[in-house]
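Beneath this line is the structure, given in structure tokens, with notes to follow.
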Amino acid sequence: MSGAILNRRRLRVVEMFGPTLQGEGPAAGCPAVFVRLADCNHACGPCDTRYSWDWKTYDRATETRYAAPQAVSSWVLARAPKLVVVTGGEPLLQQEALIPIAEELAANGKIVEIETNGTIVPYPELTTHVNRFVVSPKLTSMFDAPLSRRIKPDALVAFTETGKAVFKFVLANRADVDAVAGLQEAHGLAPIWVMPQATSQQDVLDGMRDLAEVAVEHGWNLSPRLHILLWGDQRGR
Ligand code: SF4
């Protein structure tokens, strides 16, 4: 792909950081770099990255900057970890500009993981270069909005059909367990990771203990929030 094409569309980026460790989901514990993109189509109360989308509280001009796809690719390729986590915000809001980045990174042997809230159908041109979508539909304890706003069945089907999707849920209470089981049954979601809604080390540990039996009972995977256990709620880790 030519440099001219690579630079045609810019991304609104919040931060790029690493090497560090992926803290959540199937790649938890793996060395990784992170690319966090701006803006989100949700407004979750307990969101721990509000600085990526909450422009009533944070200044968008201060928190974000434009970056050419080539600059993002070069930054990632200059770092050792094979795993690249593209996150947000909701990164698929900028999926067209992500295509040349994912293509370049995949061509250079990187593993491209995209974290998404699962409401936007991924383009096939992007999916081709992605190794894994970590799809995290929001329950009411995260995002107090109608089901039709939080859960997009057509998008969930599209992610499942990529053959590259895993589903990750943040749980805060017993009702959330039933909600995940209901979504699993209604949309055939698999495999599933669950993790506690927690931003302190003690709350992560307590939440994981609470979820352990539930995970075993339902055949779900239990995810830590390793970055919090290791470094607290520190930004950029
Ligand atoms: S979908 Fe994710 S990034 Fe967006 S508001 Fe919810 S928790 Fe935050």
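The values are calculated or read from the model by the stated rules, or taken from the named source; none is laboratory data. Because the structure is predicted, anything quoted here is derived from the model rather than measured. Ideal geometry is used to build each Cβ from the backbone, glycine not excepted, and the neighbour counts take in all protein chains shown.
Under 9 Å between Cβ atoms, which residue pairs at least 6 apart in sequence (or on different chains) link something in region 1-23 that is under 21 Å from PRO100 (Cβ atoms) and among the basic types (Lys, Arg) with a partner that is assigned to a loop (DSSP other than H, G, I, E, B) and modelled with pLDDT of 95 or more?
Listed by first residue and then by second, the contacts come to ARG8/ALA68; ARG9/ALA68; ARG10/ALA68; ARG12/ALA38; ARG12/ASP39; ARG12/THR64; ARG12/GLY89.
What is the one condition in (1) within 16 Å of the ligand (Cβ to nearest atom); (2) closer than 28 Å to PRO191 by Cβ; (3) crowded, with 18+ Cβ neighbours inside 10 Å that THR49 does not satisfy?
Evaluating THR49 over (1) within 16 Å of the ligand (Cβ to nearest atom); (2) closer than 28 Å to PRO191 by Cβ; (3) crowded, with 18+ Cβ neighbours inside 10 Å leaves (3) as the failure.
Any chance you could count how many residues in region 71-91 are more than 14 Å from the ligand (Cβ to nearest atom) and surrounded by 19 or more Cβ atoms within 10 Å (Cβ to Cβ)?
First, the residues of region 71-91 that are more than 14 Å from the ligand (Cβ to nearest atom): 71-84.
Within this subset, residues satisfying the condition of being surrounded by 19 or more Cβ atoms within 10 Å (Cβ to Cβ) are 72-73, 76, 81, 83-84.
Final tally of qualifying residues: 6.
Would you please list the contacts, defined by Cβ atoms under 8 Å and residues six or more apart or on different chains, that run from a residue in region 126-142 that is within 10 Å of PHE169 (Cβ to Cβ) to a residue that is within 16 Å of the ligand (Cβ to nearest atom) and aromatic (Phe, Trp, Tyr)?
VAL135/PHE159; VAL135/PHE167; SER136/PHE167; SER136/PHE169; PRO137/PHE167; PRO137/PHE169; LEU139/PHE169
Go over the candidates LEU211, LEU205 one by one and state the one that is modelled with pLDDT of 95 or more, more than 13 Å from SER136 (Cα to Cα) and either of a type in the set (Ser, Thr, Tyr) or buried (at least 19 other Cβ atoms within 10 Å of the Cβ) (or both).
Values: LEU205 fails: either of a type in the set (Ser, Thr, Tyr) or buried (at least 19 other Cβ atoms within 10 Å of the Cβ) (or both).
After ruling out the rest, the residue left standing is LEU211.
Looking only at region 18-38, which residues are more than 16 Å from the ligand (Cβ to nearest atom) and assigned to a strand (DSSP E or B)?
Selection gives GLY18, PRO19, THR20, LEU21, PRO31, ALA32, VAL33.
The rows are residues; the columns are (1) under 26 Å from ALA158 (Cα atoms); (2) in contact with a strand residue (DSSP E or B) (Cβ under 6 Å, 6 or more places away or on another chain); (3) among the basic types (Lys, Arg).
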{"residue": "PRO31", "(1), (2), (3)": "no, yes, no"}
{"residue": "ASN41", "(1), (2), (3)": "yes, no, no"}
{"residue": "CYS44", "(1), (2), (3)": "yes, no, no"}
{"residue": "ASP54", "(1), (2), (3)": "no, no, no"}
{"residue": "TYR58", "(1), (2), (3)": "no, no, no"}
{"residue": "ALA67", "(1), (2), (3)": "no, yes, no"}
{"residue": "VAL85", "(1), (2), (3)": "yes, yes, no"}
{"residue": "GLN94", "(1), (2), (3)": "yes, yes, no"}
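So, in region 121-142, of the ones that are more than 17 Å from the chain's Cα centre (by Cα) and of a type in the set (Val, Ile, Thr), which residue ends up surrounded by the most Cβ atoms within 10 Å (Cβ to Cβ)?
First, pick out the residues of region 121-142 that are more than 17 Å from the chain's Cα centre (by Cα): 124-125, 128, 140-141.
This time we only want the ones that are of a type in the set (Val, Ile, Thr), so: 128, 140.
Values: THR128: 13, THR140: 15.
It comes out as THR140.
Where residues in region 99-120 are of a type in the set (A, V, I, L, M, F, W, C) and within 16 Å of the ligand (Cβ to nearest atom), which of them is surrounded by the fewest Cβ atoms within 10 Å (Cβ to Cβ)?
So the first thing to find is which residues in region 99-120 are of a type in the set (A, V, I, L, M, F, W, C), and the list is 99, 101-102, 105-107, 111-112, 114, 120.
Remaining after also requiring within 16 Å of the ligand (Cβ to nearest atom): 114, 120.
Working: ILE114: 27, ILE120: 17.
So the residue we want is ILE120.
To keep it simple, each residue is scored yes or no on (1) away from the ligand (no atom under 16 Å from the Cβ); (2) crowded, with 18+ Cβ neighbours inside 10 Å; (3) farther than 25 Å from TYR123 by Cβ.
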position: ASP144; (1), (2), (3): no, no, yes
position: ARG149; (1), (2), (3): no, no, no
position: VAL157; (1), (2), (3): yes, no, no
position: THR160; (1), (2), (3): yes, no, no
position: GLY163; (1), (2), (3): yes, no, no
position: LEU171; (1), (2), (3): no, yes, yes
position: ASP176; (1), (2), (3): no, yes, yes
position: ALA181; (1), (2), (3): yes, no, yes
position: GLU185; (1), (2), (3): yes, no, yes
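Can you find even one residue in region 198-215 that is in a strand (DSSP E or B) and in contact (Cβ under 8 Å) with a residue 24 or more places away in the chain?
Pass one, region 198-215, residues in a strand (DSSP E or B): none.
No, region 198-215 contains no residue that is in a strand (DSSP E or B) and in contact (Cβ under 8 Å) with a residue 24 or more places away in the chain.
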